[in-house]
Amino acid sequence: MKQYVIDQLRPSDHSKLNSCLEMNCRFSGFPGIYWLILPDDILEKIQIEHQDCKPFCFALELSEIALSCELLVRTINNVRCDCMGYASVSQRNWLIQTIDEFLHQLEITV
C-alpha cells in the first residue's frame with residue numbers, strides 16, 4: 001500500500017493530532033481510523049460520475065507513534081467500485097498539503 005507517513009510522534013503530538021482528526025475528519029467506527037473527505041474540485045472524472053459512491057476519502061490511521069495516510073482514494077458507501085484507486089497527482093498533493101497544514105497549526109515538528 002502506498003502511504004504518506006509521519007512517524008516518531010511524541011505523546012503530546014498524538015494527543016493534539018487525535019483532537020484535530022476528530023474535528024476535521026469522519027470517524028470510521030474503528031479506534032484510530034479516520035476518513036479525510038476529498039473536496040469535489042479535485043475528484044477525477046469517474047468519481048464525479050459516481051454520485052452514489054460519494055463521499056470519497058483517504059483513510060488515516062493514527063497510532064501512538066505515527067500517522068499513516070493511505071494514498072488510495074476510497075468510497076465510504078461501497079467496498080469495491082471502479083471509481084476507487086490510487087490518488088491522482090492533485091489528490092496526493094492535496095492530502096500532503098492538508099496533513100502538513102494540520103501539523104503546522106498544531107506546532108508539531110517532524
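The values are calculated or read from the model by the stated rules, or taken from the named source; none is laboratory data. Just so you know, these numbers come straight off a predicted model, no measurement behind them. Neighbour counts are summed over all protein chains in view; Cβ atoms, including those assigned to glycine, are modelled from backbone coordinates with ideal geometry. All accessible areas refer to the heavy atoms of the entire protein, side chains included, with ligands and DNA or RNA removed. Shrake-Rupley method; radii C 1.70, N 1.55, O 1.52, S 1.80 Å.
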Looking at the range 48-64, is at least one residue surrounded by fewer than 13 Cβ atoms within 10 Å (Cβ to Cβ) and either touching a Cys at 6+ places or on another chain (Cβ under 8 Å) or on the phi > 0 side of the Ramachandran plot (or both)?
-> yes
Mind listing just one residue for me: the one in the range 67-110 that is of a type in the set (S, T, N, Q) and touching a Cys at 6+ places or on another chain (Cβ under 8 Å) and, of those, least open to solvent (accessible area, probe 1.4 Å)?
-> T75
Taking the range 1-47 as the search range and keeping residues that are among the hydroxyl-bearing types (S, T, Y) and over 16 Å from E101 (Cα atoms), which one is surrounded by the most Cβ atoms within 10 Å (Cβ to Cβ)?
-> Y34
List every residue pair whose Cβ atoms lie under 7 Å apart, where the two residues are 6 or more positions apart in sequence or sit on different chains, the first residue falls within the range 95-107 and is over 20 Å from V73 (Cα atoms) and of a type in the set (A, V, I, L, M, F, W, C), and the second residue, located anywhere, is surrounded by 10 or more Cβ atoms within 10 Å (Cβ to Cβ) and modelled with pLDDT under 95.
-> L103/V110
Restricting the search to the range 51-94, which residues are over 28 Å from N18 (Cβ atoms), modelled with pLDDT of 95 or more and assigned to a loop (DSSP other than H, G, I, E, B)?
-> S88
